[in-house]
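Here is the structure we will look at, set down as structure tokens.
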Amino acid sequence: FQCIPGKEYNEVASLYLVDADVAIRQLFHFRETGLTDAPTFSSAAIFLFFVPYISLACIVYGIGIPSGLLVPSLLTGASFGRLFGHLLHMLDHTSGTFADSGTYSLMGAAAIMAGFSRMTISVTVILLEATGNMQYVLPLMVTVMAARFTGNLFNEGIYDATIHIKHYPLLEQEVPGVAERHEIVAGQAMTSAVKCLRPVERVGVVYDLLRYTSHGNFPIIDTAVSSILYGTTSRSMLCTLLDRRAFCHDKDGYSSDRFLESKRLLPLVQWETIERQYPEYPTIETIELQPGDRQRWIDLRPYANTAPYTINETASIQRTYRLFRTLGLRFLCVTNHHNQLVGIITRKDLLPQSLWETVMRGRNAHLG
């Protein structure tokens with residue numbers, strides 16, 4: 001950049017063409033004026049860095065690259081804070097009323113980071129560790145709390161907003177207000193159209209179920225005993241059994257539910273073999289059945305979770321919600337008083353919008 005080594009430097013290049021941690025350190029620690037009263041970074045240089053950088057940070061956030069948000073928020077906040085310090089110094093006419101621009105750079109980094117993430121104590125501790133000066137505790141706390149309260153007036157934090165944009169079924173700590181205001185039971189919020197399997201099932205039925213659905217788990221019901229809930233099995237388990245061809249012929253012509261309940265079919269895949277597949281389990285797209293495989297039987301009983309978490313259809317939605325939150329469940333089988341499967345509840349069924357739709361369905365049914 002046509003600079004004399006050791007005597008000159010390019011202000012904009014010193015921010016753009018260095019690592020982010022080096023640029024943050026420069027904005028934090030380089031003093032506003034030197035012996036010749038010349039600023040380390042001019043207002044124009046910081047402005048040319050701040051506007052494109054924060055624009056690019058907003059555009060690329062959320063795409064599938066490991067860019068992160070911590071360092072960009074610190075760097076944009078540091079540049080904005082230093083730019084604000086320049087403005088105060090120009091208004092003060094170098095009379096020494098305001099602190100050095102590096103201090104305002106630190107406060108700007110705290111404000112932007114707290115405004116993005118709505119974190120308070122952790123931001124204060126991170127920046128105190130970066131400076132090593134305890135005299136900034138009070139200014140940092142005031143700045144962080146002001147940024148948090150100001151951001152909450154307009155919207156939620158960027159991480160919470162990303163969860164909603166990506167449609168992740170995150171359950172908040174508190175039960176949704178619609179569940180507190182209305183009496184909702186598990187039987188009203190559940191999905192009754194459940195894809196089920198028998199303890200011993202045809203290979204073709206299992207293959208088609210995996211092929212045309214995207215569910216991660218499937219209930220197993222015992223049709224020989226009034227559709228009693230036998231257990232559950234996962235999608236990865238079923239794909240592994242199909243890939244390992246853990247099924248056999250119906251050689252003797254037995255196909256009744258009574259026979260399937262009383263006799264275990266072979267061959268079986270050992271648990272050690274299944275564990276070795278983790279985490280790269282086969283997918284249904286990579287499995288091809290041989291001619292005649294669809295009419296064979298696959299025994300799911302040795303691989304079923306015979307003690308799944310269940311809840312009665314008359315249980316309150318508050319209890320169901322807390323059960324999901326406490327145990328970190330992804331689904332919950334709903335049974336009646338006879339332990340017969342009547343439905344299934346997932347995280348999406350417990351979101352506020354889903355619960356409100358449940359309330360509206362109940363009102364419409366009552367009006368009808």
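The values are calculated or read from the model by the stated rules, or taken from the named source; none is laboratory data. Just so we're clear, the structure is a prediction, and the values are computed from it rather than from any experiment. Neighbour counts run over all protein chains shown; Cβ positions are idealised from the backbone, glycine included. The protein model used for the area step is the full one, side chains on, heavy atoms only, and it has no ligands, DNA or RNA in it. Shrake-Rupley method; radii C 1.70, N 1.55, O 1.52, S 1.80 Å.
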(message) Probe radius 1.4 Å, ligands and nucleic acids left out: which of I24, I220, I228 has the largest accessible area, and how do the rest follow?
(response) I228, I24, I220
(request) Compute the distance in nm between two label points, each set 7 Å from the Cα along the Cα-to-Cβ direction, one at V225 and one at T120. (result) 5.5 nm
(request) Compute the distance in nm between two label points, each set 7 Å from the Cα along the Cα-to-Cβ direction, one at L91 and one at K7. (result) 3.9 nm
(message) Calculate log10 I(q)/I(0) of region 276-368 for q = 0.16, 0.23, 0.24 Å⁻¹, where I(q) comes from the Debye formula with a single equal point scatterer on each Cα and nothing for solvent.
(response) -0.91, -1.24, -1.29
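Per residue, how big is the convex hull of region 58-149 when only Cα atoms are used? Give it in Å³.
Details: hull volume 9.7 nm³, N = 92.
Per residue, the Cα convex hull of region 58-149 comes to 105 Å³.
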(message) Quick query: amide H of I228 versus all other amide H atoms, modeled in the peptide plane; which residues come in under 5 Å with a sequence gap of 5 or more or a different chain?
(response) D222
(message) Sort 172-178, 125-131, 43-49 by packing, meaning the average of other beta carbons within 10 Å per residue, with the highest value first.
(response) 43-49, 125-131, 172-178
(message) Could you put R301, R319, R294 in order of accessible surface area, largest first, with the 1.4 Å probe and the full protein assembly present?
(response) R319, R294, R301
(message) Just to be sure I understand the model, the point goes 7 Å from the Cα along the line to the Cβ. What's the resulting E183 to M141 distance in nm?
(response) 4.8 nm
(message) Please compute the length gained on full extension between R325 and R25, using 0.36 nm multiplied by the number of residues separating them and subtracting their Cα-Cα distance.
(response) 103.8 nm
(request) Run the dipole for region 282-334 about the Cα centre, Lys and Arg Cβ at +1, Asp and Glu Cβ at -1, nothing else charged, and hand back the magnitude in debye, nearest 20. (result) 380 debye
(request) Scan [x] 62, 27, 15; [y] 49, 21, 20; [z] 41, 23, 19 for the value of semi-axes √(5λ) of the Cα gyration tensor in Å calculated from this model and give just the label. (result) [x]
(message) Could you report the chain's accessible area per residue, 1.4 Å probe, as an integer in Å²?
(response) 58 Å²
(request) Could you compute the FRET efficiency for S316 and Q295, with r as their C-beta to C-beta distance and R0 at 35 Å, rounded to 0.05? (result) 0.15
(request) Please name which of A111, N339, T286 has its Cα lying farthest along the dipole of the chain towards the positive end, using unit charges on Cβ (Lys, Arg +1; Asp, Glu -1) and the Cα centre as origin. (result) N339
(request) List the residues of region 197-231 whose backbone N lies under 14 Å from a point placed 7 Å from the Cα of A307 along the Cα-to-Cβ direction. (result) 231
(message) Using only the heavy atoms of the protein chains and a 1.4 Å probe, how would H338, H89, H29 rank by accessible area, largest first?
(response) H338, H29, H89
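How high is the FRET efficiency between E156 and Q353 when r is their beta carbon distance and R₀ equals 25 Å, given to the nearest 0.05?
The formula returns an efficiency of 0.95 here.
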(request) Using a 1.4 angstrom probe on heavy atoms only, work out the carbon and sulfur share of the accessible area of the chain in %. (result) 57 percent
(message) Suppose the Debye formula is applied to equal point scatterers at every Cα of region 112-216; what is log10 I(q)/I(0) at q = 0.24 Å⁻¹?
(response) -1.22
